[in-house]
Structure formats: C-alpha cells, structure tokens
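Written out below as structure tokens is the structure these notes cover.
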Amino acid sequence: MSLRLRLNLLVAALNLGFLGALTWLLIDNHRNSIQEEIEAAHRVTVQMLGSAAQTSPVFGPAPVVMVNFLQSLGRVRANDIRLYTADGVLRYSSPPSAYKAGRTAPDWFGGLMRSTVEATVIGLPGARIEIVPDASRAVLDAWDSMTAIFLLGLGFVAMLHVALLLFLRRLLRPTEADARRLVATTQELAENREVMRLIEAGIEQERKRLARELHDELGQSVTAIRLIATSISRSSEAPGVTQGAGKVNEIAAGLYDSVHRIVRELRPAVLEQPDLAAALADLGREWRIRNPDIDLSMVLEGDLGDLGEELTLAVFRCVQEALTNVLKHAGATRVRLAVAQREDRLEAIIEDDGQGEPNALAGSGHGLVGMRERVATLGGSLETGMRPEGGFRVSIVLPLAGDSQ
C-alpha cells in the first residue's frame, strides 16, 4: 500500500469520524428538544382538558359536552385525544395533523427520537378521555433538519477531503520521486551485488586454475630440474660440476617451496572440502611458521564444517586479508581470531594490539573496501574501528544459508 493511499484512507477516516460525531450530537440535541416539547405540550393539554372535564357537567351530560368541546377545539399539537363512553365505544378521535401531511420520518429514526412521556387518562361521568403524546411531527421536523445539515456537512467534508488530497499530492510529489529513485537504486545495488558475486566466483575459479597450473606445470618442472641436478651431481666426478649441480638443486628446492606456498595461498587444499575450521587451522599454521614473532590465538566455536563453499570462501578470504593487513600496517605482537556460528549467523572477529590506522588499512590493495564488498554480496555486514585498549578490530557478520535474502 503506497504512502499516498494510506494518507488518503487516514484523511477519509478522520472526516467520516468527524461527520459521525457531528451527526450523533445533532441526534442527541433533537431528542432532548423533542422530549421537552412533548412534555410541555402534554402538560398544558392535560391541564386544559382537566379543567374542561370538571366544568362540563354544568352544561349538560358530560360526554356530550366534551365531544362538542373537543370538536370545536380540533387538533392539539403533539397529542392524540380520544373520548370513550363507559362501555368502551369511541365517541371522538383527534383529526390527523395537516402539518406535513402524508410524510413520516423513517422508523429507525423515530425509534431514536421516541418520547418517554406516558399517556394520561381523565375520568368523566359515563366517559373517559385519553391524551396520548404524539411526537411524529416533531420527529419529522428533526429528520428534515438533520437531513439538510447532514448533506451540507457531507458536502463540506467532501470538499475538505478533496482539498487535503490535492495538498498531500503536491506535498508528497518529491517524496514519491525520492521513493522511486530509492527503489531504482536498490535494484541497482541488488544487480551490483549479483555482479560482485559473479566476479568473486570468477576470481575463485581463476585462483583454482592458477593453483592447478602452478602445481602441475611449474611444480613438475621444478621437480624435474631437481632430479636432473641430483643425477648430474652423482654421475660427475668433477668438483666444480658437482658443486654447481648441488647449487642448482638447492635453488630448485627453494623455488619448489615458494611455488608450493603460492599454491596454498591461491587455493588451500582444505577448501576443496568446504570445512572452514580446517581451512582456518591450516591458515593459522602457515601464519605461525612465517611470523613467529607475532602471537596468533584462534578460537573456533560451533559447527564450521558444512557452511557451503561460498560462505566458507568469503570468511576465509576476509580473514586472510585481515591478517595480511596486520602484517603490513599494524606492527602488532598479538593477534586474536574468533569465529563462531550462532543460530542464524556466522561471526568472525580479528583484532590486534598494533598501531594500524583505518585509513591505511582501507588503502591497502583491496583492503577493507574489498572485504566489505565481499561480505555485502552475501548480505552481511563488516564493522571496523580502533579498540579502546589499543589496536584495531574487524568484525564480520554473515547470515547463514537461507537467511541472506
């Protein structure tokens, strides 16, 4: 549901609520007015007919005198008057009102306006008079008045609603444009994220291919050179040739170790089976061999053995890059790596006690920017900053499979 539609519904609800409250106030006001009018009219009518009933025997038989009086009196507002003889025969009934003749208010409206005034009976010698309150004309007046006010109020509310909608339309026009741009930007980011995912996958494939080529081609060639040098050294009796062959063998051995190290950096063998714990343990061993002066502690929590190749590679490469940055910029003596699997996420923290600055780390090769892009492609987050006690901290949070969308 759009913002404009929600605001339109809110304005409509407020207007209808205002109109409903106004209608109820009018109904309550008319009901009280009708009640007062009926009570007053009924009281006056009862007093008048009571006085007439007391004096009627003076002028003749009470029933006859009262019938003549009532016929001359005619219709009394807001009351129906009936005269019955002692045996229950109706001798007189008020004529219908000529005011708005033929029209009545709806029954439901009449029920809302119903008067609580009870009928009154006046006794006569040989007859009785019933005075019944009749609020139908007053109710019809209230209905006509409320209908006019309601239609006027409805028209006013409609005009107000239209005016508010036009105002909101103009007010929200920039916001809607911004929302459309935001949606377009979000789509572009999603597309860029997918592109980055494909790029990372391509890079890993190229790393795998290079590692295989170095191992198969260059590694075999270096091994062949060592075999040839060893053979020459054994078959020659000349001291110079033997010494030269040994030197070639020594250089080839160093080259073989370098090639083997590069192959492991490009594509550690443990990554062929996506076991993050094994890959990080192997990375830690290599680190300690090459950097004996820096104390590396590693804490691994939870099941890190079946996270999927993509997530395993992302965490491994980020840790690898963070450790490389420590060597280049931190000047640290201690490094701590903690990786833990929670219920729905994977957390990795790399922190050191060095003097590295965030700006220097951000500018180192791919650095933090590359790590952040790699993490973002999987829907995760990366936070960095200086530690209060000194040193630098990198915190990575990645959703587990099925939670990244």
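Taken together, the values in this text are just the output of simple stated rules run on the coordinates, not laboratory data. The structure displayed is predicted, hence computed values, not measured ones. Ideal geometry is used to build each Cβ from the backbone, glycine not excepted, and the neighbour counts take in all protein chains shown.
Counting other beta carbons within 10 Å of each residue's own, what order do 377, 324 fall into, fewest first?
By the 10 Å Cβ count, ascending: 324, 377.
How do 287, 108, 24 line up, fewest other C-beta atoms within 10 Å first?
In order of increasing Cβ crowding within 10 Å: 108, 24, 287.
Got a sec? How would 258, 72 order by Cβ neighbour count within 10 Å, fewest to most? Mind dumping the intermediate values first?
Working: 258 13, 72 7.
By the 10 Å Cβ count, ascending, the order reads 72, 258.
For region 273-399, what is the charge dipole size about the Cα centre, in debye to the nearest 20, if Lys and Arg each add +1 at the Cβ and Asp and Glu each add -1 at the Cβ? Each step should come with its number before you reach the end.
Values: 13 positive and 21 negative charges, 81 e Å.
Charge dipole of region 273-399: 380 debye, to the nearest 20.
What percent antiparallel are the DSSP beta bridges of region 273-399, to the nearest 5?
75
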